[in-house]
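First the structure, in the form of structure tokens, and then the observations on it.
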Amino acid sequence: MSVIPFLELQTQYRAIEAEVRGAIDRVLERGWYVLGEEGASFEGEFAAWVGTAHAVGVGSGTEAIHLALRAAGVGPGEDVITVANTCVPTVAGIGASGARPVLVDAHPETLTIDPDLIAAAVTDRTRAIVPVHLYGHPCDMDPILAVARAHKLVVVEDCAQAHGALYKGRACGTLGDLAAFSFYPSKNLGALGDGGAVTTNDAAFSESLRRLRNYGEETRYHHTVQGFNSRLDEMQAAVLRAKLPHVDGWNAARRGLAAQYGEALEGLPVQLPPCAPWALSNAHLYPIRTARRDALQAHLQAAGIQTLMHYPIPIHLQPAYASLGFCAGDFPVSEAACASVLSLPLYPALSPAAVSEVAAAVRRFFT
Ligand SMILES: *Cc1c(COP(=O)(O)O)cnc(C)c1O
């Protein structure tokens, strides 16, 4: 039986093998591995691609959230509002800043943070909002930005899944005060290991991030803040430079395959992925929803089709975050999402024939 994996990165690598190897060779020949030419060039190229004045490379997406909050002066004794329907690194990044994550529910249509619930969660401890563009589908940013303005809150977009996604024609990563990107290998722009970046139009935030990622160093051996070691290394930056010119094409391929799924699944008792009128998703994931999720997953597994759940457990029901003080029933939309989502295979190198095969297997389950 042939297997359709949830994600497979070798085909993409083979298509750009010469570029990736050339990038790695460049770093090896130069013999400079941390904070050098490749990182600086990638930061410029990535900022230009996103459409911000600055990008600062850091160690991961989680670190991008952490350091973006620190750069904005957010820390212990303060609250950061985010959504219960996200993956743990969002709240791990918030927690690393010393601030407390405060959760609100998702909107039933978009499964991203419900803008109407944010104002009620604001107190005089609240300093920031971290909207998560989950699955590559942008949050409804205008009402979120309006609440932020009204309460003088910093907005840090979690763009870990949103490379190239558009909100009303504007790129995710340009909408808040700062934005956190991940280059984890499975993301729409993935490194050969961990990596991340923060984008911003604010020069002071950018300077602060450059210090924070490098032990708080201002000039050599002069440390003006207590910082961290969280840098995007030269090898990863060089590889990301080789991949960046391909991301728009890969996103187009993803969107084409997502559209094919949409047509092939029409009429079945499944909810297709969120698709708000303001959104151009980057099709990072293809999460469908059904009450019979677990049985569907087992059926597909038996047919050699790998799927994943994004995510099976909302943040407030994770043991690690019990101390936030929420309990089952607090966020019904997030809980219902976690009980019903199933992500079908979707990546640029997936063939249209494989998409047809997956959709046919889903159809067999329901008929
Ligand atoms: C992947 C991801 C992160 C974390 O990125 P890492 O690079 O793995 O630290 C944060 N938020 C979301 C929504 C993600 O998907």
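The values are calculated or read from the model by the stated rules, or taken from the named source; none is laboratory data. Because the structure is predicted, anything quoted here is derived from the model rather than measured. In this analysis, Cβ positions are derived from the backbone assuming ideal geometry, glycine residues included, and neighbour counts consider all displayed protein chains. Surface areas here come from the heavy atoms of the whole protein model, side chains and all, with no ligands, DNA or RNA. Shrake-Rupley method; radii C 1.70, N 1.55, O 1.52, S 1.80 Å.
Structure notes:
- Residue check, Gln297 outside any loop (DSSP other than H, G, I, E, B), crowded, with 17+ Cβ neighbours inside 10 Å and out of contact with any strand residue (DSSP E or B) (no Cβ under 7 Å at 6 or more places or on another chain): no
- Subset of the range 162-185 that is part of a loop (DSSP other than H, G, I, E, B) and open to solvent by less than 10 Å² (accessible area, probe 1.4 Å) - its residue that is nearest to the ligand (Cβ to nearest atom): Phe183
- Those residues of the range 125-160 which are open to solvent by 10 Å² or more (accessible area, probe 1.4 Å), over 14 Å from Leu178 (Cβ atoms) and under 18 Å from the mean Cα position of the chain (by Cα), in sequence order: Asp140
- Looking only at residues of the range 86-111 that are within 10 Å of the ligand (Cβ to nearest atom) and outside any helix (DSSP H, G or I), we find that the one that is surrounded by the fewest Cβ atoms within 10 Å (Cβ to Cβ) is Cys87.
- Scanning the range 132-161 for residues that are closer than 29 Å to Asp233 by Cβ and either assigned to a loop (DSSP other than H, G, I, E, B) or within 14 Å of the ligand (Cβ to nearest atom) (or both) turns up Val132, His133, Leu134, Tyr135, Gly136, Val156, Glu157, Asp158, Cys159, Ala160, Gln161.
- Every test in (1) under 17 Å from the mean Cα position of the chain (by Cα); (2) buried (at least 24 other Cβ atoms within 10 Å of the Cβ); (3) of a type in the set (A, V, I, L, M, F, W, C) is passed by Ala71 save one, and that test is (1).
- So Ala291, is it open to solvent by less than 50 Å² (accessible area, probe 1.4 Å), in contact (Cβ under 8 Å) with a residue 40 or more places away in the chain and part of a loop (DSSP other than H, G, I, E, B): no
- Selection status of Pro76, of a type outside the set (Ser, Thr, Tyr), closer than 18 Å to Val154 by Cβ, without any contact (Cβ under 8 Å) to a residue 24 or more places away in the chain and away from the ligand (no atom under 15 Å from the Cβ): yes
- Test: residue in the range 251-267 that is over 30 Å from Arg293 (Cβ atoms) and either over 20 Å from the mean Cα position of the chain (by Cα) or open to solvent by 20 Å² or more (accessible area, probe 1.4 Å) (or both): no
- Residue that is within 26 Å of Leu285 (Cβ to Cβ) and among the acidic types (Asp, Glu), where the choices are Glu263, Glu217: Glu263
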